[in-house]
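The values are calculated or read from the model by the stated rules, or taken from the named source; none is laboratory data. Owing to the predicted nature of the structure, the values given are computational and were not obtained by experimental measurement. Virtual Cβ from ideal backbone geometry, glycine too; neighbours counted across all protein chains shown. With ligands, DNA and RNA removed, areas are computed over all heavy atoms of the protein, side chains included. Shrake-Rupley method; radii C 1.70, N 1.55, O 1.52, S 1.80 Å.
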Amino acid sequence: MKRAGIIMVLGSIFLLGIFVFPLWNIRLGAPQYPEPLGINIYINGLQGENEFDIQNIDGLNHYIGMKTLPKPEDMWEFSVFPKVVALMAGIGIVIGLLSVFIKISPTWFLIWFVSMSVLGALGIYDFNLWLVDYGSDLDPNAIMKLVNPDGTPMQYNPPLIGHKKLLNFDAFSYPRAGGILLGIGIILSLVAYFVGKKSQSST
């Protein structure tokens, strides 16, 4: 169980990477922008890849009626999510340490894995809701009003993950180091569970 506990502690520490690295990145490229515009999404706010990317994206979005990109104080997620992740990382470290120094059931690892997976899925769902709202809740008095071939208003939300064509822009949306570390940390807790179960069955 000592090995399983160390893996659990390591996985929980990986979660803390989201306080250093961006979780996600959305990049917009077009012929008139040889250097694409990009937004890094952190657990506590947005940051442009380059100095004026946020300002330039807001300027472009103004013409089609999109809202300006949110500041940390505009979204409850930027204050609540860091607390939730820090709490889960702390609980994971405590569970891991308990299994190193005293015997506890590996089921605790599984409970943590399921809890963190559900929270992660809810976070991704909330992120997708924001993307859809951001790209479809447009100012009716916008300078440009574009419609689809069937007459419905055009939406401009980037994809949750992957590539999407938005007018003459190519939008790319992918996880970054923080999101990858988060995923690895969650998977390591499942690895810790199986290592712990194997250790139990061999004693």
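When restricted to residues that are in contact (Cβ under 8 Å) with a residue 40 or more places away in the chain and either open to solvent by less than 40 Å² (accessible area, probe 1.4 Å) or more than 23 Å from Phe172 (Cβ to Cβ) (or both), the stretch 1-40 contains 27. Output yes when any residue across the stretch 87-107 is polar (S, T, N, Q), under 22 Å from Leu23 (Cβ atoms) and open to solvent by less than 50 Å² (accessible area, probe 1.4 Å), and no when none is. No: the stretch 87-107 contains no residue that is polar (S, T, N, Q), under 22 Å from Leu23 (Cβ atoms) and open to solvent by less than 50 Å² (accessible area, probe 1.4 Å). Asp126 - would you say it is within 30 Å of Tyr42 (Cα to Cα) and open to solvent by 60 Å² or more (accessible area, probe 1.4 Å)? No: the conditions fail for Asp126. Going by the conditions given, is Leu190 outside any loop (DSSP other than H, G, I, E, B), modelled with pLDDT of 85 or more, open to solvent by less than 40 Å² (accessible area, probe 1.4 Å) and touching a helix residue (DSSP H, G or I) at 6+ places or on another chain (Cβ under 7 Å)? The answer is no for Leu190. Within the stretch 126-181, the set of residues being aliphatic (A, V, I, L, M) and under 24 Å from Ile18 (Cα atoms) comprises Leu129, Leu131, Val132, Leu160, Ile161, Ala171, Ala177, Ile180, Leu181. Just one of the numbered conditions (1) of a type in the set (Gly, Ala, Ser); (2) open to solvent by 20 Å² or more (accessible area, probe 1.4 Å); (3) touching a helix residue (DSSP H, G or I) at 6+ places or on another chain (Cβ under 7 Å) is not true of Gly48: (2). Filtering the stretch 131-140 to residues that are part of a helix (DSSP H, G or I) and surrounded by 15 or more Cβ atoms within 10 Å (Cβ to Cβ) leaves Leu131, Tyr134, Gly135.
The single condition among (1) assigned to a helix (DSSP H, G or I); (2) without any contact (Cβ under 8 Å) to a residue 60 or more places away in the chain; (3) surrounded by 17 or more Cβ atoms within 10 Å (Cβ to Cβ) that Asn157 does not meet is (1). Just to be sure before I move on: is Ser173 part of a strand (DSSP E or B) and surrounded by 16 or more Cβ atoms within 10 Å (Cβ to Cβ) in the structure I sent? The answer is yes for Ser173.
Scoring Ile143 on the criteria (1) part of a helix (DSSP H, G or I); (2) more than 26 Å from His163 (Cα to Cα); (3) open to solvent by 50 Å² or more (accessible area, probe 1.4 Å); (4) aliphatic (A, V, I, L, M) leaves a single failure, condition (1).
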